[in-house]
Amino acid sequence: MAGADLALSIALGVGLAAAVGLRVFLPLMVVSLAAYSGHLTLSSGFTWLATAPALVMLSVATALEILAYYIPGVDHLLDVIATPAALIAGTVVSAAVMTDLPPIVKWSTAVIAGGGAAGLTQTLTALLRAKSTVLTGGLGNHVIASGELGGAVIISLLALTTPFLALVLVACGAWFFLRVVRRRLRSEQPAD
């Protein structure tokens, strides 16, 4: 595999994994739809994602997940469940799209970069939802849910069409959010 193809494959996997941190099932459904329609080649062992039953199952799971995030209280329960699920799904979606890589490289990259990107994104959004709950009593969480949904759709589609742009967008978003969190933590520390 040429260097550019390798980088493209990894960028695709990491971009999709970051989207998994926003909505666990939506990026998997997008990958399934793209593979089912012949627009995406999957790694061996993941061709099941390109089947009609997988597409139907992931579509139903996506719809239920989207709706559940708009129910107060259920959104926090989903964050508890989604954090470990995002690590697994981020690893799976990364490995599924990293074609023609030796297994050790594919799985190492999928676990570290894919699972890491999904875990980081999910953790940051769970913290944001918790802050929203404290500030608005949960009434503002639907705004967070809508932003996460929009982000998952945009990042998933960008990852499929322009993987490097999706990766840059994810990196900039994480950098910005971490800066805001760090600034908040510094301002909350008592002065000596």
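With the condition kept exactly as written, say whether any residue in region 140-156 is of a type in the set (S, T, N, Q), over 17 Å from VAL93 (Cβ atoms) and in contact with an Asp or Glu (Cβ under 6 Å, 6 or more places away or on another chain). Yes, there is a match, as at least one residue in region 140-156 is of a type in the set (S, T, N, Q), over 17 Å from VAL93 (Cβ atoms) and in contact with an Asp or Glu (Cβ under 6 Å, 6 or more places away or on another chain).
If the condition is being open to solvent by less than 100 Å² (accessible area, probe 1.4 Å) and out of contact with any Leu (no Cβ under 7 Å at 6 or more places or on another chain), then region 162-184 contributes THR162, LEU167, VAL168, VAL170, ALA171, CYS172, GLY173, LEU178, VAL180, VAL181. Set side by side, the residues SER108, SER132 differ, and just one is more than 22 Å from ALA17 (Cα to Cα) and of a type in the set (S, T, N, Q), which is SER132. Only one of GLY3, GLY73 is within 30 Å of THR133 (Cα to Cα) and at pLDDT below 90. Can you tell me which? Exactly one residue qualifies, and that residue is GLY73.
The set of residues from region 145-174 being touching a residue at least 24 places away in the same chain (Cβ under 8 Å) and over 20 Å from LEU28 (Cβ atoms) comprises PHE164, ALA174. When ARG23 is tested against (1) in a helix (DSSP H, G or I); (2) within 22 Å of LEU158 (Cα to Cα); (3) open to solvent by less than 20 Å² (accessible area, probe 1.4 Å), only condition (1) is not met. Taking residues in region 120-142 that are at negative phi, and partners anywhere that are of a type in the set (Lys, Arg) and in a helix (DSSP H, G or I), the pairs with Cβ atoms closer than 7 Å and at least 6 places apart or on different chains are ASN141/ARG129.
The requirement of being of a type in the set (A, V, I, L, M, F, W, C) and surrounded by fewer than 23 Cβ atoms within 10 Å (Cβ to Cβ) is satisfied by LEU64. Annotation: HIS39 fulfils all but one of (1) in a helix (DSSP H, G or I); (2) open to solvent by 60 Å² or more (accessible area, probe 1.4 Å); (3) not polar (S, T, N, Q); the unmet one is (1). Taken over region 67-114, the criterion of being of a type in the set (Val, Ile, Thr), open to solvent by 40 Å² or more (accessible area, probe 1.4 Å) and farther than 23 Å from LEU149 by Cα is satisfied by ILE104, VAL105, VAL111, ILE112.
The values are calculated or read from the model by the stated rules, or taken from the named source; none is laboratory data. Predicted model, so just to flag it, every value in this text is computed and none were measured. Cβ atoms come from the backbone with ideal geometry, glycine included; neighbour counts cover every protein chain shown. For the accessible areas, the whole protein counts, side chains as well, though only heavy atoms, and no ligand, DNA or RNA atoms are used. Shrake-Rupley method; radii C 1.70, N 1.55, O 1.52, S 1.80 Å.
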